[in-house]
Structures are given as structure tokens and as C-alpha cells.
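Structure first, commentary second.
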């Protein structure tokens, strides 16, 4: 038997909130999808990993996921699963898992694989124990017998050939692959699910997942501070955005004071010095360098050491130029480099009430704080 795991990550997940689909949001420094994929990547029986993504999603979103064959999904879940099945040409059996289930344990995978030795399909589920009501207009109008009712989970496992045929023949929309398989007459066995194998659907599910992961985290905070003076020019670079102005900031690089402060905050949280140590101003190769180079290096260094960036807070101190009109663009520029949702990045500005060098309009200062988390 050769087994391929297909991770379906093409949905939009709007109920979870945030600026990005839920599967690409971070849970303790790693994307939900990366955590959902890891048990399959580490399982000795899985020979191939396929990640099905939305055609509009950028590769940067799944940069932290285990190595996988990436294919474009479709407009519906069934179309996305079918794309994964078509890519799993060498597999005799497949496990199909929702990218929004990051808390999967290896024991559930083992249980599904064991039953697949004797059945064409197998899926984990939890028996329903709560009383079930029928309701209308926020009023109970009846009850539902809970006997023989289960809450379905993934991964759902199948022999590939009959499931592929079932998907090709299915003409109605289904919410999972068991429904598609049963419509084609396939027998699907139930295996024991796991209460912790939750699906991230609403904002509260993130907190529930955090609680399940326990509290043994390494959380670090770092501060960054930078200053650049004004000189001749017609623009300033601030947090990755070119802002038209009657003067420019002076420095060895592009003098992006905001991005420099954020970069130093990350280095500081790691206990690894500052920009000057990693990119010495005495080295001519960094003359006029764009500051995203420095920030990208800090982000990569954090990842190499097992840390995810939880959030960034940056304050620009200046009398001018006006920062407010450019804040959304600054947050977006930082978000792209940091791999974070814009809701985890703060860029704000304040004056120094005309006191000091910033108050006299001689330059701009920036302060930043970075929070890093290692699960």
C-alpha cells in the first residue's frame, strides 16, 4: 500500500476573522495549515503529502509548511479534493484532512490506516452525547434522537480508485468525503475520533487550541530604537513605504527608521545583537541597501531558532511628514515581510511636542516592540 495525505487548504474561512484565511493564520508562531500537516509529514506510512491551495493565495502563505506537492483547488471543497486525488496518481489509498484541524494526533491517523486494510473507507468520529434540539426563531420546537449520531472529523481515509470514481460521479455538493463515498455505495467504517482534534472555525477556537497546547511556551519580547537625521531629498522611506517629502532621511542604507527599529526589536528578542552587527556600516556592500533585506534576515533568523513572530508594535516620532495617510500601506508592507496578518502589526505616530531633535524637525526616531513565541 502507498498512502498519500491530501491537506485541503483552499477555503476562505471568513468566520474565523482576521485578514487572511484561517489556515494561514498563526498559532504559536506556525500557520494552522503547517500544524495540520506536521503529523502526516512525520508519519512513516505516509509516502506523499499534497497541499491543495486557493489559486489566489500566494506561496508566501505556506512557506512554513512541511515539504509537499502544491496544487490549485477549485471553487468548492469537492473540486479541491478532486484536484488532490488527481495529483496522487501513485497512491493506492489516501487520507484527506482539513487544513483547519491543527491538533491532530498520530493515534487517529494510525486508527484510520489500520481499518483501511479491511475496508474501502474509514473516518474518525465522536459519538454525540448532548441533547439535540430542533429550533426556529430562537425557540425550541422539538428534539432529535441522538442515538447513532456522530460528529465527523478528519482525516478521512479511502482506497484512492473508488473514491476518485465517486467524486467524478458526484453531482451534488457534499461537506465531506464520506458523503461522496456513500453516495457511490462505498462502505465507510467509523474509528474513534479525538475530542482535541478540533476544527478552527470561529475566533474562539484559536483560544481553545492554545489551551490544548498547554503553557510550555518560550515567549520573548524585544525592543528596537533607531534615529535618522534629515538631509537633502524629496522622499523618506518609512516602514517599507516611500513617502513624498521635501527632505530625505540620511543613513548608510535607505534610512528606513521604522523598519530598522522593528528589525532590532526582533534581534533583541533573540538576544542576537542589532543591525550593525549583522550588516556592518563599514561594509560597502550595504551602502544604500533596502531595509527589507535586514528585516527579512531577522525574520529568517527567528524561524531558524524555532520562533514565530506573534506581533509587532512600531511608533514613529516626528513632527512631519504626516504618517496617518500612509499607515495602512506601512502595515501591509511589514505584514508581507513578517508573514503576519495586518491585525498583528501596529504602526502609529506621535510628535514630541516640538521638544528635542524631532521637535525641531531635525530627524525622525522610531521605537518598536516584537513578541516572539516558541511552542
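Only one of these is out of contact with any strand residue (DSSP E or B) (no Cβ under 8 Å at 6 or more places or on another chain), at pLDDT below 95 and on the phi > 0 side of the Ramachandran plot: 306, 273. Name it.
Details: 306 fails: out of contact with any strand residue (DSSP E or B) (no Cβ under 8 Å at 6 or more places or on another chain).
On inspection, the qualifying residue turns out to be 273.
Going residue by residue through region 121-131, is there one that turns out to be assigned to a loop (DSSP other than H, G, I, E, B), within 29 Å of residue 147 (Cα to Cα) and touching a strand residue (DSSP E or B) at 6+ places or on another chain (Cβ under 9 Å)?
Of region 121-131, the ones assigned to a loop (DSSP other than H, G, I, E, B) are 128-131.
Next, from what is left, pick out any that are within 29 Å of residue 147 (Cα to Cα): 128-131.
Of the ones still in play, those that are also touching a strand residue (DSSP E or B) at 6+ places or on another chain (Cβ under 9 Å) are 128, 131.
Yes; the residues of region 121-131 include at least one that is assigned to a loop (DSSP other than H, G, I, E, B), within 29 Å of residue 147 (Cα to Cα) and touching a strand residue (DSSP E or B) at 6+ places or on another chain (Cβ under 9 Å).
Please go through region 350-375 and pick out each residue that is touching a helix residue (DSSP H, G or I) at 6+ places or on another chain (Cβ under 6 Å), over 29 Å from residue 60 (Cα atoms) and assigned to a strand (DSSP E or B).
Within region 350-375, 363, 364, 365 qualify.
Among the residues of region 173-182, count how many are surrounded by fewer than 17 Cβ atoms within 10 Å (Cβ to Cβ) and under 17 Å from residue 83 (Cα atoms).
Selection size over region 173-182: 2.
May I ask you to list pairs of residues, at least six apart or on different chains, whose Cβ atoms are under 8 Å apart, with the first in region 224-243 being assigned by TED's automatic domain parsing to the domain that holds residue 347 and without any contact (Cβ under 8 Å) to a residue 12 or more places away in the chain and the second being surrounded by fewer than 23 Cβ atoms within 10 Å (Cβ to Cβ) and part of a strand (DSSP E or B)?
242/235
For residues that are modelled with pLDDT under 90 and not in a loop (DSSP other than H, G, I, E, B), scanning just region 277-303, find the one that is nearest to residue 29 (Cα to Cα).
286
Taking region 319-349 on its own, how many of its residues are more than 25 Å from residue 227 (Cβ to Cβ) and outside any helix (DSSP H, G or I)?
Of the residues in that region, 3 qualify.
Touching a helix residue (DSSP H, G or I) at 6+ places or on another chain (Cβ under 7 Å), surrounded by 14 or more Cβ atoms within 10 Å (Cβ to Cβ), in a helix (DSSP H, G or I) and not assigned by TED's automatic domain parsing to the domain that holds residue 258: is that true of residue 166 in this structure?
Yes; evaluated as a whole, the condition is true for this residue.
Could you please give the count of residues in region 119-144 that are surrounded by fewer than 10 Cβ atoms within 10 Å (Cβ to Cβ) and touching a residue at least 12 places away in the same chain (Cβ under 8 Å)?
3
From the residues in region 191-224 that are surrounded by 17 or more Cβ atoms within 10 Å (Cβ to Cβ) and assigned to a strand (DSSP E or B), which one is farthest from the chain's Cα centre (by Cα)?
Filtering first and then ranking leaves 191.
For a quick check of your reading of the model, give me the residue pairs whose first member lies in region 338-363 and is in the same structural domain as residue 30 (by TED's automatic domain parsing), whose second is outside any helix (DSSP H, G or I) and surrounded by 16 or more Cβ atoms within 10 Å (Cβ to Cβ), with beta-carbon atoms closer than 6 Å and at least 6 apart or on different chains.
Qualifying pairs under 6 Å: none.
For every residue, the table says whether it meets (1) closer than 16 Å to residue 332 by Cα; (2) buried (at least 21 other Cβ atoms within 10 Å of the Cβ); (3) within 25 Å of the chain's Cα centre (by Cα).
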residue: 227; (1), (2), (3): no, no, no
residue: 233; (1), (2), (3): no, no, no
residue: 268; (1), (2), (3): no, yes, yes
residue: 272; (1), (2), (3): no, no, no
residue: 279; (1), (2), (3): no, no, no
residue: 285; (1), (2), (3): no, no, no
residue: 306; (1), (2), (3): no, no, yes
residue: 309; (1), (2), (3): yes, yes, yes
residue: 314; (1), (2), (3): yes, yes, yes
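Taking region 172-190 as the search range and keeping residues that are outside any helix (DSSP H, G or I) and within 29 Å of the chain's Cα centre (by Cα), which one is modelled with the highest pLDDT?
Among those residues, the one meeting the criterion is 176.
The values are calculated or read from the model by the stated rules, or taken from the named source; none is laboratory data. Since this is a predicted model, take the numbers as computed values, not measurements. As a convention, Cβ positions derive from the backbone with ideal geometry for all residues, glycine included, and neighbour counts pool all protein chains shown.
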